[in-house]
Structures are given as C-alpha cells and as structure tokens.
Amino acid sequence: MDGNGRWAEQRNLVRTDGHAAGEQALVDTVDACLELGIKWLTVYAFSTENWRRPVSEVRYLMNFNEQLLLRRRDELNEKGVRIKFVGRRDWRIPRKLLRRIEETEALTANNDVLTLSIAFNYGSRAELVDAVKALNAEGIEPSEEAISAKLYDPSMPEVDLWVRTSGEHRISNFLLWQSAYAEFVFVDAFWPDFGRNEVHEAVIEFQRRNRRFGGL
Ligand code: IPE
Ligand code: MG
C-alpha cells in the first residue's frame, strides 16, 4: 500500500494525512475482491524496515492501525471477511495494538468469504529466518514443504497476482517465498487513489498473462 506520503505532499498535506486517506482505499479494495470472488488478499501495512521512520510517524501508524481495526472490524466481519495478521509479534508492537489484533482475529476467525491478511511488522527475510530456526529447533530437515509449513501463516496460498502501487518497481521484502510464480503488476496510482477500478484493471492484466510455471 505505497504512496501515501507522496499523495499527501502533492496536496500540501502532512504525510500522515496520506495514511488516513489510505483507509478508504483499503475498504474499496476489499469490496472489489468480494465482488470478484477473490478468496485471499494480503496487504503490506508495516514492514520490519518501517521502524526506521521518524518516531512520530511510527507512533501515528501504530495508533492509526489500532483505531482502524476498531472502526472497521464489525463491518468487515458482517461481510464475511476473516482478518489475520502475518509478521513478527514482538515487543516493538504496542500492547494495545496487539490486543486489537488478537481480538479482531478471534472475532472473524470463522468467516470464509475472503481472508484479509495484514502484513504488519512483516519482512519476508525475517519470516524465512524464523521458519528455518523453527525447523532447526525441531530437528526437521529443511525442504520446500517443511519451510512452507513454518511460515507465519502456512495456510496462506501462493501469490497469483502481486500489485505494487505508486510507480515503484520493487519487491521491498514482501512475500518473497510465496511469490515465486506470482504475476507482477505495477501501477502508478498512489495508494489513496487505488480502489475498485484499479483492482479490476489489475485482474484484467492478470488474465492476459500466460502462466507456465516453468513448463511450456
Ligand atoms: C505506504 O506509504 C504506507 C506505509 C509504508 C505505512 P508511504 O508512507 O511509503 O508513502 P511514500 O512512499 O512516502 O509516498
Ligand atoms: Mg513508500
């Protein structure tokens, strides 16, 4: 969900106003997935590298995400959305936010229309390190299946369509393992301007691709 800061700067607003504007984009994106029958959406909300931002922005984002869960979880629950989090649940995440995360996951655990997976304090390399450590601790020989089974959410399917907003052409440590055969779509829109039409365009682009998975 990239480009919030630039969206705000273009409007002479403060960066955090861009994050606030991104909330509607997320809701619209979820609604578009519901309309299209997409079963799984993973969004990158906060990376293990985002802690390098100024404390004031980090603090804003922690509070914003907590409040967003409070504001939106009931309507998402009513739409049949199951909300899950992937990432390191460590001491750096404020306790209040951790509590909201756990409550939200419990509230929506039995929904099955769409899974909204929120990557928070997430880094793909950290995830792989954690997975390999878990295998080591249990004395399990690493294999593709064994590593997949130790990722933060082993039930997450492999990525079919991978979308980055804001005109950047980078992976930025997101779902490296899960995206081995993903189709990549890069869009110029900043995240607050992303929504239903942009989801449709990305899906149409995806449908034009010829996926061979290394075969012919
Ligand atoms: C993405 O928008 C939101 C988060 C990483 C939390 P940015 O904050 O990265 O916006 P730009 O890239 O500075 O425009
Ligand atoms: Mg950015």
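How many residues, within the stretch 181-210, are free of Cβ contacts under 8 Å to residues at least 60 places away in the same chain, assigned to a loop (DSSP other than H, G, I, E, B) and touching a Phe, Trp or Tyr at 6+ places or on another chain (Cβ under 9 Å)?
Result for the stretch 181-210: 3.
Scan the stretch 64-90 and report the pairs whose first residue is under 18 Å from A21 (Cα atoms) and whose second residue is exposed (fewer than 14 other Cβ atoms within 10 Å of the Cβ), with Cβ atoms within less than 9 Å and a gap of 6+ or a chain change.
Pairs found: E66/K96; E66/R99; L69/E103; R73/E103.
Tell me which residues, restricted to the stretch 200-216, are exposed (fewer than 13 other Cβ atoms within 10 Å of the Cβ) and either at negative phi or modelled with pLDDT under 90 (or both).
Matches in the stretch 200-216: I204, Q207, R208, R209, N210, R211, R212, G215, L216.
Taking the stretch 14-43 as the search range and keeping residues that are open to solvent by 70 Å² or more (accessible area, probe 1.4 Å) and free of Cβ contacts under 8 Å to residues at least 60 places away in the same chain, which one is farthest from R73 (Cα to Cα)?
V14
Identify, from the list Q24, Q67, the residue that is within 25 Å of F186 (Cβ to Cβ) and either outside any helix (DSSP H, G or I) or within 16 Å of ligand 1 (Cβ to nearest atom) (or both).
One residue alone meets the criteria, Q24.
Of the conditions (1) within 16 Å of ligand 2 (Cβ to nearest atom); (2) surrounded by fewer than 16 Cβ atoms within 10 Å (Cβ to Cβ); (3) not in a helix (DSSP H, G or I), F46 fails just one. Which one is it?
Of everything listed in (1) within 16 Å of ligand 2 (Cβ to nearest atom); (2) surrounded by fewer than 16 Cβ atoms within 10 Å (Cβ to Cβ); (3) not in a helix (DSSP H, G or I), F46 misses just condition (2).
Are any of the residues in the stretch 184-199 modelled with pLDDT of 95 or more and in contact with a Leu (Cβ under 6 Å, 6 or more places away or on another chain)?
no
If you check every pair at least six apart or on different chains, which have Cβ atoms under 9 Å apart with a residue in the stretch 154-167 that is open to solvent by 50 Å² or more (accessible area, probe 1.4 Å) first and a residue that is at pLDDT below 95 second?
That search, which allows pairs on different chains as well, returns D160/R211.
The values are calculated or read from the model by the stated rules, or taken from the named source; none is laboratory data. Here the structure is a predicted model, which means the values were calculated and not measured. Neighbour counts run over all protein chains shown; Cβ positions are idealised from the backbone, glycine included. The protein model used for the area step is the full one, side chains on, heavy atoms only, and it has no ligands, DNA or RNA in it. Shrake-Rupley method; radii C 1.70, N 1.55, O 1.52, S 1.80 Å.
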